[in-house]
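The values are calculated or read from the model by the stated rules, or taken from the named source; none is laboratory data. Only a predicted model underlies this, so the values are computations on that prediction, with no experimental measurement involved. Note that each Cβ is placed from the backbone with ideal geometry, even for glycine, and that neighbours are counted across all protein chains shown. Accessible surface areas use protein heavy atoms only, side chains included; no ligands, DNA or RNA. Shrake-Rupley method; radii C 1.70, N 1.55, O 1.52, S 1.80 Å.
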Amino acid sequence: MDLDRLTSRDRLALSIALILVAVALAGVGAFAAFTSSASVSQSITSGTVTIALGATGTADNRLNIAATGVVPGDTIQRAVNVSNTGNQDIASITLTTAASASSLLDTDATDGLQMVIERCSVAWTEGGSAPAYTYTCSGTTSTVLASRAVIGSGLSLSNLGLTAGTTNHLRVTLTLPSTAGNTLQGLTSVIAYTFTGTQRAATSK
């Protein structure tokens, strides 16, 4: 075919014919593939790890109650409930103590404040008068943290209930050693207590 001799009408007709052929070939390709699909949905919900303390200022949490006029040999007892209120068991609970206002009372590891923590299998029975509280256990006691200097980071706590919904009834006892000298007179330290729960070991779900 001599394209140079084609009229404009012939060229238009040829172009339309080529377009129709291309469309036809494309249609053949579009309908030449088999397909199949299937789907399913899965719900994933993450667990919660939550450590909670008893209501501040109540018999469930006296850690915010100040002590004044402390002399060598004195003890300061405060109760606190530490609960796993999440929906998952936890592997451990640690304690970090820090002094927001610091003095030799917290920096002297030998003659400064010493701390012991114990757990009662039931709620502690509170006695004494504010702020000089005392506590007795009508159940079984166990040591959570042996005697040590009051300030520490990530201190491992033992003999605690770790399952979801468990409440640990703790008694924190601070003692100013009888060996504390005159350099510890008239000082103030403010101790902050932070309890941290760590999730249980990962498992198949």
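Observations, loosely collected:
- With 0.36 nm allotted per residue and the present C-alpha distance subtracted, the N64-S100 stretch has 11.6 nm of extension available.
- Using bins of 10 Å that start at zero, the share of Cα-Cα pairs per bin across the range 42-125 amounts to 12, 36, 31, 14, 5, 2, 0, in whole %.
- For S43 and S158, a Förster radius of 35 Å and the Cβ-Cβ distance give a FRET efficiency of 0.40, rounded to the nearest 0.05.
- For the range 118-169: rounded, prolate or oblate by the Cα gyration tensor [a/c cutoff 1.5]: oblate
- Each Cα pair under 8 Å and six or more residues apart adds its sequence gap; the mean of these over the residue count of the range 122-205 is a relative contact order of 20 percent.
- Residues with amide H under 5 Å from that of N168, placed H, sequence gap 5 or more: V82, S83, N84
- Over the chain, accessible surface divided per residue gives 62 Å², non-protein components excluded, 1.4 Å probe.
- Simple label model, 7 Å out from Cα along Cβ direction - S178 to T75, nm: 1.4
- For the pair S121 and Q199, the difference between a 0.36 nm per residue extended length and the Cα-Cα distance amounts to 25.8 nm.
- Against the chain, whose longest principal axis is taken from its Cα atoms, helix 8-30 shows a tilt of about 40°.
- If you wrap the tightest convex hull around every Cα atom of the chain and split its volume per residue, you get 279 Å³.
- Fraction of accessible area attributable to carbon and sulfur, the chain (%, probe 1.4 Å): 55
- The range 73-175: C-alpha gyration tensor shape, a/c 1.5 cut-off, then a/b vs b/c: oblate
- Over the residues of the chain, the helix contribution to mean residue ellipticity at 222 nm works out to -4000 deg cm²/dmol, using -39500 (n - 2.57) for each DSSP H run of at least 4.
- Pairwise centroid distance, computed over Cα atoms, of the range 103-117 with the range 179-205, Å: 12
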